[in-house]
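Colleague: Once you've had a glance at the structure underneath, I'll fire off some questions.
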Amino acid sequence: MNLQSPLIIVNFKTYLESTGARALELAKQAEKAAKETGVCIVVAPQFCDITKIAQTVEIPVFAQHLDAIYPGNSTGHILAETLKEAGATGTLINHSERQLRLSDIETTLTICQKQNLTSCVCANNPQVSAAIAALNPDITSMEPPELIGTGNSVSKAQPNIITDTARLVHQINPAMPLLCGAGISTAQDVFLALKLGTQGILVASGVVKAKDPYCVLEAFANAVNQTKSA
Ligand code: G3P
């Protein structure tokens, strides 16, 4: 995996603020924050926005989902080859808003390996994160679904599940970057998430719906840098 951790992944979801022309603008702001702080920031826009964004910015672009399918007769599905050609270098898998069966997660990981796509598999709690870690994705992200989109961060509301996840996941897969997400909206949330044992964050509304997403991302990235010296 040629990503540098700690890292920040910004999931654009399907917010209007991160759709079409606004998605491109947001990706440019993420690129600016990444260049100015030296922190790795990845953007995960909607499928139709990937090509334009990947042609414009130099930061990594991930898809939000990949289907466990091969070229052929899978109408309406997302094919790894298409993601690659569009310019994506990785993908989220099993986000809590786009869950997959365990067998399909395993197939998507095989496909990612073959296609050289970075895989970031999401899980909803420490135990599921441990099961995912055993499948050896490039990155795992733990997000308690009940905190997603609330502005009440996992790092403040449920610090114990971050430390539990880090312990379980790194027992199984010591080198794998672990991210956490849900409700992250301040630099302090980011700082705490890293201090609790993660190697980065997965964030959406705190950035996408901010008045000034660049300022928020810059503050998040500065918090990442602070943990290196703290
Ligand atoms: O994928 C990121 C996510 O589900 C967290 O969303 O809006 O709580 O940052 P949010």
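The values are calculated or read from the model by the stated rules, or taken from the named source; none is laboratory data. Remember, predicted model here, so these are calculated numbers, not experimental data. Note that we place each Cβ from the backbone using ideal geometry, even for glycine, and neighbour counts take in every protein chain shown. Note: areas computed on protein heavy atoms with side chains; ligands, DNA, RNA excluded. Shrake-Rupley method; radii C 1.70, N 1.55, O 1.52, S 1.80 Å.
Colleague: Give the cross-link partners of Lys32 among the lysines, using a straight C-alpha distance below 22 Å as the criterion and excluding same-chain residues fewer than 8 apart.
Modeller: Here the lysines satisfying the reach criterion relative to Lys32 are Lys13, Lys52, Lys209, Lys211, Lys228.
Colleague: I'd like the GluC sites (Glu not before Pro) in region 39-121 restricted to DSSP loop residues with at most 12 other Cβ atoms within 10 Å, sorted by number.
Modeller: Glu58
Colleague: Additional query: Near Lys114, which aspartates and glutamates are there with a Cα under 16 Å away, not counting those fewer than 8 places off in the same chain?
Modeller: Asp67, Glu81, Glu85, Asp104, Glu106, Asp138
Colleague: What 222 nm value per residue comes from the helices of the chain, counting each DSSP H run with n ≥ 4 as -39,500 (n - 2.57) and dividing by all residues, nearest 500 deg cm²/dmol?
Modeller: Here the helix-only value at 222 nm equals -13500 deg cm²/dmol.
Colleague: Rounded to the nearest 20 Debye, what is the dipole magnitude of the chain about its Cα centre when Lys and Arg each give +1 and Asp and Glu each give -1 at the C-beta?
Modeller: For this selection, approximately 260 debye.
Colleague: Relative contact order for region 7-229 using alpha-carbon pairs under 8 Å, separation at least 6, rounded to a whole percent?
Modeller: 19
Colleague: How much solvent-accessible surface does His65 expose, in Å² to the nearest 10, with a 1.4 Å probe and all protein chains in place?
Modeller: Only protein atoms counted, so the area is about 10 Å².
Colleague: Do any trypsin sites (Lys or Arg not before Pro) in region 93-199 lie in a DSSP loop with no more than 11 other beta carbon atoms within 10 Å, and if so, which?
Modeller: When the trypsin sites (Lys or Arg not before Pro) of region 93-199 are filtered for loop state and at most 11 Cβ neighbours within 10 Å, Arg101 remain.
Colleague: As an exercise, take the mean of 1/r over every pair of distinct alpha carbons in the chain, invert it, and state the Kirkwood radius in angstroms.
Modeller: 17.2
Colleague: In the chain, which whole DSSP H runs stretch at least 30 Å along their own axis (Cα) and average 1.6 or higher on the Kyte-Doolittle scale?
Modeller: none
Colleague: Moving on to the next point. Tell me the per residue accessible area of the chain using a 1.4 Å probe; a whole number in Å² is fine.
Modeller: Heavy-atom SASA per residue in the chain reads 44 Å².
Colleague: Now, a different point. Going Cα to Cα from Lys195, which aspartates and glutamates come in below 17 Å? Please leave out same-chain ones fewer than 8 positions away.
Modeller: Output for Lys195: Glu143, Asp164.
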